[in-house]
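Here's the structure we're looking at; comments come further down.
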Amino acid sequence: MSVWPKSISITEVGPRDGLQNQSDSIATEIKIALIDALSQTGLTLIEASAFVNPKWIPQLSDADEVFAGITRKTGVSYSALVPNERGWDRSISCDVDEIAVLAAASETFCQKNTNTSVNGALERIQPLIERALASGVGVRGYLSCAIACPYEGETNQQQVRYVAQRLLDMGIHEIALSDTVGVARPDDIRKMYDALDGVLLPEDSVLHLHNTQGRALHCASEAMKCGVVSFDASCGGLGGCPYAPGAAGNIATEDLVHFAHENGIETGVDLQKLISASKIIEQAIGCKLQSAVYRASQDAHTGPRP
Ligand code: MG
């Protein structure tokens, strides 16, 4: 019997998680062209932007224009990160299909990023979750620092378990366990799911990996063996840029799709169309995308092995 799942589902987070880490602002029409191209690849879940205070993340200050400009494809869900009630009001007027809210397993990370405690962050998102669920809008909860915190180091897995349980209690059914800094080793992934036993099954979770230390695909592979079938990924591995020291992209959608297809795992995604979509953004950011499969398609004589 195969160790691999029959299929995996991928949420494309490049237009949000990737672009929020770009040092230069990208023109709104480029973002719209990217999202429209991604919509044509077979991806059905796209996190398109974030309704955050432009003072915090100026790169995504055009979320309203992006949502107004995209051509919505039937069968594709377009989501946005919503950190507070002001963001919720904007997201509603833009008719987003799903919102994502923020929680974290680290006190210091919460203080630095959201100016409150772990419990304070959970209390802050509760009214957003209630409103979204009452409006029939899907909600995902990011659980940041699920493996490690940039300030505190290794995360106590009991804290991950606690936050996951609180999110479930608030009615969230999609929890994105996030290796925010991208330091996870395959072992850490297995330990995290062991610690979540009885709270959150691997097959009911989403895994959000960053490729800071080049291990994201190893971690995704281990996660699939644990039973995980839902992943976040960003086209081209967007987010990492040689001109932005310290910034590291998500696991690249191309690399994840290629790995899956090589192992007989269905994704529903057309790799060539995905590469074409990434090309739009590579030309706009002015630096090379980091995805190994994307790079092979552009630089090598042979392209990626089919
Ligand atoms: Mg991230």
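The values are calculated or read from the model by the stated rules, or taken from the named source; none is laboratory data. Here the structure is a predicted model, which means the values were calculated and not measured. All Cβ positions, even for glycine, are placed from backbone atoms using ideal geometry, and neighbour counts span all protein chains on display. SASA here: full protein model, heavy atoms, side chains in, ligands and nucleic acids out. Shrake-Rupley method; radii C 1.70, N 1.55, O 1.52, S 1.80 Å.
Work out the FRET efficiency for Asp299 and Asp169 from their Cβ-Cβ distance, taking R0 = 45 Å, and round it to the nearest 0.05.
0.40
Once phi is turned into ³J(HN,Hα) by the Karplus curve 6.51 cos²θ - 1.76 cosθ + 1.60 with θ = phi - 60°, what whole-Hz value does each residue of region 3-10 show in order, with x for glycine and proline?
7, 9, x, 5, 8, 10, 10, 10
What percent of all Cα-Cα pairs in region 162-216 falls in each 10 Å bin, counting up from 0?
Per 10 Å bin, starting at 0, the Cα pair percentages come out as 23, 53, 22, 2.
Using a 1.4 Å probe on the protein chains only, how many percent of the accessible area of the chain belongs to carbon and sulfur?
Ligands and nucleic acids excluded, carbon and sulfur give 48 percent.
Of all DSSP beta bridges located in the chain, what percent are antiparallel, nearest 5?
10
Mind checking which aspartates and glutamates have their Cα closer than 18 Å to the Cα of Lys6? Skip sequence neighbours fewer than 8 apart in that chain.
Within the straight-line limit of under 18 Å, Lys6 reaches these aspartates and glutamates: Glu203, Asp204, Glu222, Asp232, Asp255, Glu262, Glu266, Asp270.
Taking a virtual spin label 7 Å from the Cα of Lys288 along the C-beta vector, which residues in region 5-33 bring their backbone nitrogen under 11 Å of it?
none
Student exercise: in region 9-297, how many lysine pairs 8 or more apart or on different chains have Cα atoms under 21 Å apart?
For region 9-297, the number of qualifying lysine pairs is 11.
Counting pairs of alpha carbon atoms under 8 Å apart in space and at least six apart in sequence, what relative contact order in percent does the chain give?
21
Applying a 10 Å radius around every beta-carbon, put 26-38, 260-272, 204-216, 188-200 in order of their mean neighbour count, most first.
204-216, 26-38, 188-200, 260-272
Based only on Cα atoms, what Rg/Rh ratio does region 103-175 have, Rh being taken as Kirkwood's radius?
Ratio value, two decimals: 0.98.
Measuring with a 1.4 Å probe in the full set of protein chains, what accessible area per residue, in whole Å², belongs to the chain?
42
Counting just the Cα atoms, what span does the chain cover along each of its three principal axes? Round to the nearest Å and put the largest first.
Sorted largest first, the three principal extents are 53, 46, 37 Å.
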